[in-house]
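**Student:** Pasting in a structure now, in structure tokens, and then I'll have a few things to ask.
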Amino acid sequence: MNQFLKRFLQGLLLGFALITAIGGGTMAVLIGVYDDLINAVSDFRKQPKKSLALLVPMGLGGIISMGALFYPIKLLLEHFPFVTISFFAGLTMGGLRVFHKSLKGNVKWQNLILTLIGFLFVFGLGAFTWFTTLHADLININFVQLILFFLVAFVSMGGHVSPGISGTFILIAFGYYEELIDFMFRIVKLDFVNVGYDLSAVFVFALGSLLGLIVIAKVYKYFFSKNRIKTNFTILGFIIGSITIAYFNGKIKPEYAKVTGFEPLMLFACVMAVLLGAFISYYLLGLVDKKETTPEEQEKIIEEAMKEEREKDDVGV
């Protein structure tokens, strides 16, 4: 198979993983490109052509894959909101498998308090939109909405750095996914409601996403180096909070009013969606455990490889 086409197809799979709660890192390991991606990014300045030969087709495939899935997911959220959210919540629940080694034997009250703090931080943002009129709304944008949009963009993009969760699920959890898709369509069509606020929202989302990716990655790296166990317990709280507010935010609140009485079929469908999502991500992560070393061992291998490269450079000098 042509190398470009092969990388493109791998990019399609990575894009699918990124837009769901499976996670790009998990998929990269499964299709055998994790090390290649790490090397392409870390050696970009030394070997730009070689890195671009991998990153360009994979990036193109990822963009096309995510772009193709954005609208279908939006339709599912519009017509089957509870079932769709349950499926994504299940994917995230299964993703909690990534913590089982680091959390085993470390369930102490200090660590549980960190989990509670992480949970309350995320849950508080979702509950705020439930009990107030300030919920996901990118049509009637005002200054306060811009601040909330910035925070959601910041947290959602940072979610791509966090194990066991995706930025897409965070957008869904806060009720911004459908709003964001409609907003982007309006901007592409130049169909502005308020030009000033609409363009400000584009800038705010881009800035929040960029800062979230950079800042949260650096924060994770710092706290992982200090105490990986405590950091993982805090992230666990973030994830549990995200799953909870997916059913408890201002955007989904009107959907509850449409439910007339007890609907056993809807409940059954939601439960099955959770179980299916959990099985998929849990099973895939199980394959990763068999195929690869632990994240800690991977980091050690990468650090040793980079150290060897630096030593070679010093010798060459």
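The values are calculated or read from the model by the stated rules, or taken from the named source; none is laboratory data. Nothing here was measured: the structure is a model prediction, and the numbers come from that model. Note that each Cβ is placed from the backbone with ideal geometry, even for glycine, and that neighbours are counted across all protein chains shown.
**Student:** Given the conditions (1) more than 16 Å from F169 (Cα to Cα); (2) at pLDDT 80 or above, which single one is not true for I245?
**Tutor:** Unmet condition: (1).
**Student:** Which numbered condition in (1) modelled with pLDDT under 70; (2) under 30 Å from Y177 (Cα atoms); (3) among the charged types (D, E, K, R) is the only one that D35 fails?
**Tutor:** D35 satisfies every listed condition except (2).
**Student:** I'm checking my understanding of the structure. Among residues of the stretch 109-141 that are surrounded by fewer than 12 Cβ atoms within 10 Å (Cβ to Cβ) and at pLDDT 80 or above, which one is farthest from L285 (Cα to Cα)?
**Tutor:** Once the filter is applied, the top-ranked residue is G124.
**Student:** Take G90 and decide whether it is surrounded by 21 or more Cβ atoms within 10 Å (Cβ to Cβ) and modelled with pLDDT under 80. Steps first, answer last, please.
**Tutor:** Working: surrounded by 21 or more Cβ atoms within 10 Å (Cβ to Cβ): yes; modelled with pLDDT under 80: no.
No, not satisfied.
**Student:** Mind listing whichever residues of the stretch 70-87 are closer than 21 Å to F262 by Cβ and among the β-branched types (V, I, T)?
**Tutor:** Listed by number, the residues that qualify are V83, T84, I85.
**Student:** Right, another one. When you check K50 against the structure, is it in the same structural domain as N2 (by TED's automatic domain parsing), of a type outside the set (D, E) and not in a helix (DSSP H, G or I), yes or no?
**Tutor:** Working: in the same structural domain as N2 (by TED's automatic domain parsing): yes; of a type outside the set (D, E): yes; not in a helix (DSSP H, G or I): no.
When the stated conditions are applied, K50 does not pass them.
Per-residue answers, yes or no, for (1) over 17 Å from I19 (Cβ atoms); (2) aromatic (F, W, Y):
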{"residue": "F154", "(1), (2)": "yes, yes"}
{"residue": "E178", "(1), (2)": "no, no"}
{"residue": "V195", "(1), (2)": "yes, no"}
{"residue": "A201", "(1), (2)": "yes, no"}
{"residue": "F205", "(1), (2)": "no, yes"}
{"residue": "S225", "(1), (2)": "yes, no"}
{"residue": "F238", "(1), (2)": "yes, yes"}
{"residue": "I243", "(1), (2)": "yes, no"}
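**Student:** Select from the stretch 53-85 the residues that are under 27 Å from V33 (Cβ atoms) and either among the β-branched types (V, I, T) or not assigned by TED's automatic domain parsing to the domain that holds L12 (or both) and list them in ascending order.
**Tutor:** V56, I63, I64, I73 - these are the residues of the stretch 53-85 that are under 27 Å from V33 (Cβ atoms) and either among the β-branched types (V, I, T) or not assigned by TED's automatic domain parsing to the domain that holds L12 (or both).
**Student:** Does the stretch 255-274 include one or more residues that are assigned to a helix (DSSP H, G or I), closer than 19 Å to F174 by Cα and among the basic types (K, R)?
**Tutor:** no
**Student:** Only residues that are without any contact (Cβ under 8 Å) to a residue 12 or more places away in the chain, aromatic (F, W, Y) and over 17 Å from I117 (Cβ atoms): list them for the stretch 215-258, please. Explain how you work it out, then say what you get.
**Tutor:** Taking the stretch 215-258 as the starting set, the residues that turn out to be without any contact (Cβ under 8 Å) to a residue 12 or more places away in the chain are 218-219, 221-227, 231, 254, 256-258.
Applying the additional criterion that residues be aromatic (F, W, Y) yields 222-224, 256.
Correct list: Y222, F224, Y256.
**Student:** Restricting the search to the stretch 172-185, which residues are under 21 Å from P254 (Cβ atoms) and surrounded by 14 or more Cβ atoms within 10 Å (Cβ to Cβ)? Walk me through how you get there before you give the answer.
**Tutor:** Looking only at the stretch 172-185, we keep the residues that are under 21 Å from P254 (Cβ atoms), and these are 172-183.
Correct list: I172, A173, F174, G175, Y176, Y177, E178, E179, L180, I181, F183.
**Student:** Using the structure shown, decide if F205 is farther than 19 Å from I85 by Cα and at pLDDT 75 or above.
**Tutor:** Working: farther than 19 Å from I85 by Cα: yes; at pLDDT 75 or above: yes.
Spelling it out, F205 is indeed farther than 19 Å from I85 by Cα and at pLDDT 75 or above.
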